[in-house]
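Shown next, in structure tokens, is the structure this report addresses.
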Amino acid sequence: MQDYTNAQIAIVGLGYVGLPLAVEFGKIRNVLGFDINPTRIEALKKGHDATLETTPEQLQAAQRLSFTSNLDDLKRCGVFIVTVPTPVDNVNRPDLTPLQKASHTVGQVLKKGDIVIYESTVYPGATEEVCVPVLEKTSGLKFNQDFFCGYSPERINPGDKVNTLTKIRKITSGSTPEIAEIVDALYGSIITAGTHKAASLKVAEAAKVIENTQRDLNIALVNELSVIFDRIGIDTIDVLEAAGSKWNFLPFRPGLVGGHCIGVDPYYLTHKAEEVGYNPQVILAGRRINDNMSRYVARATIKRMVKNGIEVTKAKVGVMGITFKENCPDIRNSKVYGIVNELKSWGIDAVVQDPWANAQEVEHEYKIILGKIDAQNPVDSLIVAVGHKEFRELDAHELRSYVRGKNPVLADVKSLYDRDALKAEGFTVFRL
């Protein structure tokens, strides 16, 4: 077995996952960051990361990291780490196109002895069933004879500045016992939290996909409870705080489940389950609940507007936040888009404001032009959908200045505000 300690590492895909990884390895190893987007490469060369996952200072500290969009530059690398996205299509089937294209790219420069490690979230078996055949066909090399594979699932939490890459224990695996040791040592050189060497590639793939499936189901449970409690006439947060007084109660909160992980990964597992002849029920039930929460929030808001005498078809509703989570510019699979769509289907003029989102990306992805909501640009009711720090800092009085009319509705999706203070300002309050 050859020595990989000095092999140059290629990180293929420089998004929320790939770039932090490239930066950490770039502090101690020669690393080449590769992305097919030349605009992204040029920005990184200038020290600017649009995802805000890394700072200019962190990029500068990775002195052995360089960037390229030139395929030929990859030829000098011996270890390839693939970190491209794995989305679902419009009917929630796994879309492995980015993964297959990345494998084809790597296959074109693959040499004998090279290792290809995948971090993209997939279903158990995808590395060997989908990626390896592409690598073999493109390179003309034989798997586990001429080249080897590893799987080490990403555990990045976008926007989280506390639980960062090196502080989260890393699952590793390899296609042979020897490669598993090499992959584990490779990640162990940068992950201060340590590693967990899985028994196989499939085990590592399965471990990742159930992490988010478990969270999805727990959130689905409290979302369903929220719907039930609203009909009963009690506040969900009051109930959860009371139940949380017991030491072993799990502190999940209701909310919109978007993003590139929790709202996507369960579909990879259910896809594989159906392939092997099992019809998953609990997992898909949770997905249905969470996917319907956007419509529920919009309709709950509209119902209260109608009760308050607001003429819905002539109303303007301010939607505060479009990213999938707070204090993060990531708009992928944002469930706020579903709220906006539902409002529009009722003839409501929806005004979306977000200080973190890139306006061009929002317009390209969702055909939404970001607007402004303030005292000079008032609306008839508000839906505060994302807990950005800028929104959390607002008080009830300032929020009241953003709306006109005597009986406005405020949907506090994340329960950011004191509901009694909101009611004192004249709001009819709805929250999950």
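Inside the range 155-184, can you point out the residues that are hydrophobic (A, V, I, L, M, F, W, C) and under 29 Å from residue 356 (Cα atoms)? The answer is 156, 162, 165, 168.
Answer yes or no as to whether residue 383 is of a type outside the set (Ser, Thr, Tyr) and either surrounded by fewer than 21 Cβ atoms within 10 Å (Cβ to Cβ) or over 27 Å from residue 51 (Cα atoms) (or both). Answer is no for this residue. With respect to the conditions (1) open to solvent by 50 Å² or more (accessible area, probe 1.4 Å); (2) out of contact with any Ser or Thr (no Cβ under 9 Å at 6 or more places or on another chain), residue 243 lacks only one, and its number is (1).
Restricting attention to the range 1-22, the residues that are closer than 14 Å to residue 68 by Cα, outside any loop (DSSP other than H, G, I, E, B) and either touching a residue at least 40 places away in the same chain (Cβ under 8 Å) or open to solvent by 30 Å² or more (accessible area, probe 1.4 Å) (or both) total 6.
Of the residues 105, 164, 138, the single one that is free of Cβ contacts under 8 Å to residues at least 60 places away in the same chain and of a type outside the set (Asp, Glu) is 138. Is the range 47-57 home to any residue that is in contact with a strand residue (DSSP E or B) (Cβ under 8 Å, 6 or more places away or on another chain), surrounded by 22 or more Cβ atoms within 10 Å (Cβ to Cβ) and not basic (Lys, Arg)? Taking every residue of the range 47-57 in turn, none turns out to be in contact with a strand residue (DSSP E or B) (Cβ under 8 Å, 6 or more places away or on another chain), surrounded by 22 or more Cβ atoms within 10 Å (Cβ to Cβ) and not basic (Lys, Arg).
Of the helices (runs of 4 or more DSSP H) entirely within the range 229-309, those holding at least 3 residues that are of a type in the set (Val, Ile, Thr) and within 25 Å of residue 210 (Cα to Cα) occupy 282-291. The residue that is surrounded by the fewest Cβ atoms within 10 Å (Cβ to Cβ), among those in the range 72-93 that are of a type outside the set (A, V, I, L, M, F, W, C) and not in a loop (DSSP other than H, G, I, E, B), is 72.
The set of residues in the range 26-42 being among the hydrophobic types (A, V, I, L, M, F, W, C) and either in a loop (DSSP other than H, G, I, E, B) or surrounded by fewer than 24 Cβ atoms within 10 Å (Cβ to Cβ) (or both) consists of 28, 32, 36, 41. Filtered by the rule that a residue be open to solvent by 40 Å² or more (accessible area, probe 1.4 Å) and part of a loop (DSSP other than H, G, I, E, B), the range 315-331 gives 324, 326, 327. Inclusion of residue 221 among residues that are closer than 25 Å to residue 338 by Cβ, open to solvent by 60 Å² or more (accessible area, probe 1.4 Å), among the hydrophobic types (A, V, I, L, M, F, W, C) and within 22 Å of the chain's Cα centre (by Cα) is warranted.
A single entry from 341, 292 fulfils the requirement of being under 20 Å from the mean Cα position of the chain (by Cα) and open to solvent by 50 Å² or more (accessible area, probe 1.4 Å): 292. Restricting attention to the range 45-82 and to residues that are in contact (Cβ under 8 Å) with a residue 24 or more places away in the chain and under 21 Å from the mean Cα position of the chain (by Cα), the residue that is farthest from residue 259 (Cα to Cα) turns out to be 81. Each residue in the range 145-195 was checked for being open to solvent by 20 Å² or more (accessible area, probe 1.4 Å), part of a loop (DSSP other than H, G, I, E, B) and not acidic (Asp, Glu), and 17 pass. Residues that are touching a helix residue (DSSP H, G or I) at 6+ places or on another chain (Cβ under 7 Å), farther than 30 Å from residue 54 by Cβ and touching a residue at least 60 places away in the same chain (Cβ under 8 Å) do not occur anywhere in the range 349-356.
The values are calculated or read from the model by the stated rules, or taken from the named source; none is laboratory data. What you are looking at is a predicted structure, and each value in this text was computed from that prediction instead of being measured. Every residue, glycine as well, gets a Cβ built from its backbone with ideal geometry; the counts of neighbours run over all protein chains shown. SASA here: full protein model, heavy atoms, side chains in, ligands and nucleic acids out. Shrake-Rupley method; radii C 1.70, N 1.55, O 1.52, S 1.80 Å.
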